Amino acid sequence: METVQVILGSESDLEILKSSDLPKILEGLEVSWECHVISAHRNADDLHDHCQQAVATDSKIFIAAAGMAAALPGAIAAITKGQVPVIGVALESSDGFLSGMDALLSMVRMPPGVPVITAGIGKPGLKNAALIACQILALTSPTFQLTFQKLLAASGKKPRIGIKSEVVSQKGVK
Ligand code: AIR
């Protein structure tokens, strides 16, 4: 199975990654993943080389987490030319200003044609980014799909029967 690339904008983002559910989820499901610290603003050339190499080998999903003016997910989407999904997570900066809204807005308004999946802010965003990566992996691997379904069932996330959506659509027909 391919490797999930997790890229952080700074070493100062490592602590929140470690204390989030992301490592637990990926490791619990035996997903191959690696984490690199490469700033879109401070290490633009390294980011370019790393992403091109990663896509050319075995990385087909990127999770990019950064704070402040978080160009990272957008830069990765640009470098990889839309070939692979890029999941962005906005982090709160250590100075506390703007509570992660700065990073969120930096990644949520990508220009049309350069998509980034914005998973949210902080730890919940990192957890959801890991789950989205697993959903994508499950699309192409029936074996992994089974393992992933077991994890969802164990965590109580059983699929809901669509009674509510039926009612909504009946109302809509009137
Ligand atoms: N950052 C680093 N390069 C570009 C950006 N947006 C982000 C990091 C971190 C914040 O800036 O992701 O959340 C502060 O980085 P540092 O290295 O000064 O602690």
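The values are calculated or read from the model by the stated rules, or taken from the named source; none is laboratory data. Nothing here was measured: the structure is a model prediction, and the numbers come from that model. Neighbour counts are summed over all protein chains in view; Cβ atoms, including those assigned to glycine, are modelled from backbone coordinates with ideal geometry.
So which pairs qualify, if the first residue must be in region 57-77 and under 16 Å from L126 (Cα atoms) and more than 11 Å from the ligand (Cβ to nearest atom), the second must be assigned to a helix (DSSP H, G or I) and of a type in the set (G, A, S), the Cβ gap must be under 8 Å, and the two must be at least 6 apart or on different chains?
Hits for this filter: I61/A133; F62/A54; I63/A129; I63/A130; I63/A133.
Is at least one residue of region 59-71 part of a loop (DSSP other than H, G, I, E, B) and hydroxyl-bearing (S, T, Y)? I'd like the intermediate steps shown before the answer.
Within region 59-71, the subset part of a loop (DSSP other than H, G, I, E, B) is 68-71.
Applying the additional criterion that residues be hydroxyl-bearing (S, T, Y) yields none.
No, because not a single residue in region 59-71 is part of a loop (DSSP other than H, G, I, E, B) and hydroxyl-bearing (S, T, Y).
Condition check ((1) in contact with a Pro (Cβ under 6 Å, 6 or more places away or on another chain); (2) loosely packed, with under 14 Cβ neighbours inside 10 Å; (3) modelled with pLDDT of 95 or more; (4) in a helix (DSSP H, G or I)) across all residues:
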{"position": "S93", "(1), (2), (3), (4)": "no, no, no, no"}
{"position": "G120", "(1), (2), (3), (4)": "no, no, yes, no"}
{"position": "L126", "(1), (2), (3), (4)": "no, no, yes, yes"}
{"position": "A133", "(1), (2), (3), (4)": "no, no, yes, yes"}
{"position": "L152", "(1), (2), (3), (4)": "no, no, no, yes"}
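Filter region 1-33 down to residues that are within 11 Å of the ligand (Cβ to nearest atom) and in contact with a helix residue (DSSP H, G or I) (Cβ under 9 Å, 6 or more places away or on another chain) and give me whichever is farthest from A56 (Cα to Cα).
Among residues in region 1-33 that are within 11 Å of the ligand (Cβ to nearest atom) and in contact with a helix residue (DSSP H, G or I) (Cβ under 9 Å, 6 or more places away or on another chain), the one farthest from A56 (Cα to Cα) is I16.
Name the pairs: first residue in region 143-166 and closer than 28 Å to E2 by Cβ, second residue modelled with pLDDT under 95 and among the basic types (K, R), Cβ to Cβ under 8 Å, at least 6 apart or on different chains?
Sorted first by the residue in region 143-166, then by its partner, the pairs are L152/K158.
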